[in-house]
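Report on one structure; see the data block that follows.
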Amino acid sequence: MLEALPALAGDLVLVGNETNMGVIPLGELSRRYCDEVGLLHLALAARCDRVVLMVAGLPQLLKGPPIAPTAAAGAVDMAHPTGVGCEHASTLPDTGALVRSACRRQAAD
């Protein structure tokens, strides 16, 4: 897979599960799986122009150019939420993929 990536034409979106940010599995096989997937993610990230970690539906840019906000109504810059009940939308450049989430935070008293 890693060797094939540079030869692929066009934009490519890869999706994976982050397996090493929680409880360490007790079983040896499960630990090895988590380690191997983590190494694959590391190698893929090194070869990618942009890396985005999604947390609770919000994109966290780890590598690459900023994610531009869309022109859709209610769209805001993902790095600067406007507050309670706001909606965030962003289009990933070149792919047109829409990332959208809604803020459900409680108002501060």
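For every other residue with a beta carbon closer than 9 angstrom to the beta carbon of residue 63, add +1 if it is Lys or Arg and -1 if Asp or Glu, then tell me the sum.
Working: positive: 50; negative: 49.
Combined, the nearby Lys, Arg, Asp and Glu give 0.
Between residue 48 and residue 26, what is the FRET efficiency for a Förster distance of 41 Å, r being their Cβ-Cβ separation, to the nearest 0.05?
0.80
Extension gain for the segment residue 62 to residue 19, taken as residue separation times 0.36 nm less the Cα-Cα distance, is 13.8 nm to one decimal.
No lab work stands behind these numbers, since they all come straight from the coordinates. Treat the numbers as computed from the prediction; the structure is a model and nothing was measured. Quick reminder, even Gly has a Cβ in these numbers, built from the backbone with ideal geometry, and neighbours come from all protein chains shown.
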